[in-house]
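No value in this document is a laboratory result; all are computed from the given coordinates. Since the structure is predicted, the reported quantities are computational estimates derived from the model, not experimental observations. So basically every Cβ, Gly included, is an ideal-geometry build from the backbone, and we count neighbours across all protein chains shown.
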Amino acid sequence: MATFFPWGKSRKRSNILWLDLGDLGDLVNPGGPHEQWQDHGLGLLRTILHQHGIQTDLASTRAVTSWDQLAPQLRGYDMLLMNVRSYTYPVARKAAVLFKEINPNGLVLVGGMHATVAPDEMLSVQAFDKICMGAGEKVIVDLVKDPESFPRVFSGESAKSMAEWPMIDRELWPKPAGGWRMRRRWKWRWPLEPECGWGPGPVATILTSRVCPWKCVFCNESSYIPLMGRRPVDMVIDELNYLDRKYGVGSVVIHDSMFFQNPSWLEEWLEKYPRKTKRWTYWAAARADTVKQWPDLFIALVKETNWRTISIGFESGSDRVLKILNKEVTEEENYFVIDLVNRLGDELEAKGEQPPVFWSNIMLGIPGETREDAFKTMRMLKTMKRVMPSISFYAPYPGSALGYQLIAEGKSLMSKDNYHRFPGDEKVKGIDYQFYRDLIAGKYDDEVNKGLDTVMHGAELYRGSLVKA
Ligand code: B12
Ligand code: SF4
């Protein structure tokens, strides 16, 4: 008899189950838009499997509100697949153990960022049968067909270029499970994604590159992703136009860790995107030093390709802290890009056009940071005329140089049970988090405003802008 689950999983068609991971309830009654965003790793690997004739069913921890709701959805499968990131590791571990209890002969195959940067932690959990470190696109089919031919931990193989990746079949992504209320509230037109304040919905998220050549000590990127060619401009444009024809695109989010790199690729994007697409506004990331290096290219992209939400990892307004982070950016470079974007915004606004806005990534609570450093950071934020602050307490993730160091020194407060933290959670021993909470609440605004020629924003700028990290 076919089984039907009212919580977002449809009829059983296969003996292989892919479990989408995230906090329970995120697709039922989400706290915010980012929790609803879809997993490109899951989308890519399921697309490859289906194109090779291997059907998989899908369930999601985000589409249920309790483990009791999930349990019956795991029943009767021979194989469970999961993309595990550090922030989803506790959920993945619990799901794997539950799956084994329900299907003692079933196999649990995992990959993803956490499997790559913390395989020892995963090895200690018997419920994980096969652990793939690194990219999965070249191994997933063989792994699923013949798991026993792989050792318990093995290295995956990456495509040489993103040109080899198929276009993701987005209908293989999980659906919102909260019914019409949720779809109406978030204007979600699945399988495109809901709007989050960066541009009108429906939102098409897309990746054009995967590699970031910098080595900031708080980031995993360089320890994980091998050199890989960027997706050709024509393929990105074809995919966006296809999504628009099929579902109607409102705006685009370019999920690349670092969009503003490879000037030759960007010049081709500048030439083709305005001509061959509807010029949807988009969100994409840059670094202050590269903007200073190629300002003309940056200005042309903002103006001509409608790059209107500019994500910059400013992280800190203090040279001391930027050095601790090995950010390879200076205070002066940060202020250069702020001034440039403020002026660009004024110019476009005067012409009646939408001005660009910063998505400004800031970290507080960095080991070694003084109160004065933190005041400088908030002061820098206040010089941005149009800004959406994204502030987080520094989190020592495994895979990053500083993360490994703090874990080894016993200073990390993140453990296998609580990698995934909530905005106000404390992550490193010895940090005065109360000071930072007070800072964000505006208690030190007099200090922050000292040295500002014009005070454009009050403390409301950062109240409530602490994000999960
Ligand atoms: C887009 C993105 C986001 C988006 C969307 C997330 C989503 N739904 O996917 C948003 C903005 C919401 C986001 C948020 C966060 N993110 Co994020 N994000 C990314 C980013 C830039 C791209 C992810 C992606 O799509 N990659 C491409 C796909 C194809 O790769 P993949 O998923 O890794 O899958 C490949 C392999 O891992 C493997 N694989 C995966 N699964 C499996 C399974 C099997 C069986 C096998 C064999 C192989 C395999 O094969 C796949 C193809 O090669 C990555 C960095 C990166 N370059 O990957 C960070 C990254 C994943 N994020 C990270 C973090 C820390 C966060 C936040 C906590 C940051 C914050 N302060 O807010 C939040 C947490 C969100 C939450 N839910 O709580 C870290 C995770 C670190 C870690 N150790 O796990 C990363 C790696 C960034 C970094 N450099 O540190 N993120
Ligand atoms: S923080 Fe940004 S610039 Fe630094 S290594 Fe990570 S993705 Fe690259």
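Each peptide in 373-386, 175-188, 452-465 receives the mean, over its residues, of other Cβ atoms within 10 Å, and ordering these scores from highest gives 373-386, 175-188, 452-465.
Sequence-ordered 3J(HN,Hα) estimates for segment 341-352 from the Karplus curve with 6.51, -1.76 and 1.60 and θ = phi - 60° stand at 6, 4, 5, 4, x, 4, 5, 5, 4, 4, 8, x Hz, glycine and proline given as x.
Taking 13 Å as the cut-off, the amide N atoms of segment 84-127 that come nearer than this to a point 7 Å along the Cα-to-beta-carbon line of ASN15 belong to 105-107. With R₀ fixed at 41 Å, the C-beta to C-beta distance from SER149 to LEU348 puts the FRET efficiency at about 0.10. Rounded to the nearest 20, the Cβ-based charge dipole of segment 239-295 about its Cα centre (Lys and Arg +1, Asp and Glu -1) stands at 260 debye. The string of couplings for segment 212-217 from the Karplus curve (6.51, -1.76, 1.60, θ = phi - 60°) is 10, x, 7, 9, 4, 6 Hz, one whole number per residue in order, with x for Gly and Pro. Near the amide H of SER161, within less than 5 Å, lie the amide hydrogens of GLY229, all on another chain or at least 5 residues away, with H placed in the peptide plane. In the chain, what percentage of the DSSP-assigned beta bridges are antiparallel, given to the nearest 5? Percent antiparallel among DSSP bridges in the chain is about 5.
Nearest 0.05, what FRET efficiency do ALA71 and ARG184 give at R0 = 25 Å with Cβ-Cβ as r?
On the way: r = 30 Å, r/R0 = 1.20.
Once the sixth-power term is evaluated, E becomes 0.25.
Between ARG371 and ARG275, how high is the FRET efficiency from 1/(1 + (r/R0)^6) when r is the Cβ-Cβ distance and R₀ = 45 Å? Nearest 0.05.
Working: r = 51 Å, r/R0 = 1.13.
It comes out at approximately 0.35.
How long is the gain from GLU426 to GLU239 if the chain were fully straight, where each residue apart is worth 0.36 nm and the alpha carbon distance is subtracted?
63.2 nm
Take the Cα of ALA408, step 7 Å toward its Cβ, do the same at GLU267, and the gap between the two points is 4.3 nm. Distance between Cα centroids, segment 322-371 to segment 54-87: provide it in whole Å. Spelled out, the Cα-based centre of one part sits 40 Å from the other. Computed from the C-alpha gyration tensor, the three semi-axes of the ellipsoid equivalent to segment 16-155 are 22, 16, 16 Å, from longest to shortest.
Explain nothing, just the number: relative contact order of the chain, from Cα pairs under 8 Å at least 6 residues apart, as a whole percent.
Numbers: 907 pairs, mean separation 53.7, N = 469.
Relative contact order here is 11 percent.
Quick check: from the Cα gyration tensor, does segment 68-148 come out rounded (a/c under 1.5), prolate or oblate? Since a/c reaches 1.5 but b/c is at least a/b, the shape of segment 68-148 is classed as oblate. Take segment 7-56, drop everything but the C-alpha atoms, weight them equally and run the Debye formula without solvent; then report log10 I(q)/I(0) at 0.20 Å⁻¹ to two decimals. Results for segment 7-56 at q = 0.20 Å⁻¹ read -0.82. Within a straight-line Cα-Cα reach of under 25 Å, LYS429 can be paired with the following lysines, leaving aside sequence neighbours fewer than 8 residues apart in one chain: LYS215, LYS323, LYS327, LYS376, LYS411, LYS416, LYS443, LYS468. Compared with the alpha-carbon gap, the fully stretched path from ASP78 to VAL97 is longer by 5.4 nm at 0.36 nm per residue.
Restricting to DSSP H runs of at least four residues, report the calculated mean residue ellipticity at 222 nm for the chain, -39500 (n - 2.57) per run over all residues, nearest 500 deg cm²/dmol. Write down the numbers at each step before the final one.
Numbers: 18 runs with 168 residues, N = 469.
Computed mean residue ellipticity for the chain: -10500 deg cm²/dmol.
Taking segment 178-218 and a reference point 7 angstrom along Cα→Cβ of LYS246, the backbone N atoms nearer than 20 Å belong to 188-195, 201-209. For a distance above 38 Å, tell me the whole-number percent of Cα pairs in the chain that qualify. The proportion of pairs with Cα distances above 38 Å equals 25 percent. Annotation: amide H of SER60 within the under-5 Å range of ASP20, sequence separation 5 or more or interchain, hydrogens built in the peptide plane.
Scanning residues 5 or more positions from VAL387 or on other chains, those with amide H under 5 Å from its amide H are PHE358, with H placed 1.01 Å from N in the peptide plane.
To the nearest 20 debye, what is the magnitude of the charge dipole of the chain about its Cα centre, counting +1 on the Cβ of each Lys and Arg and -1 on the Cβ of each Asp and Glu? Please list the in-between numbers first.
Working: 60 positive and 59 negative charges, 274 e Å.
Using Cβ point charges on Lys, Arg, Asp and Glu, the chain gives about 1320 debye.
Karplus-derived 3J(HN,Hα) values for segment 392-400, using 6.51 cos²θ - 1.76 cosθ + 1.60 with θ = phi - 60°, are 9, 7, 3, 10, x, 6, x, x, 9 Hz; glycine and proline are entered as x.
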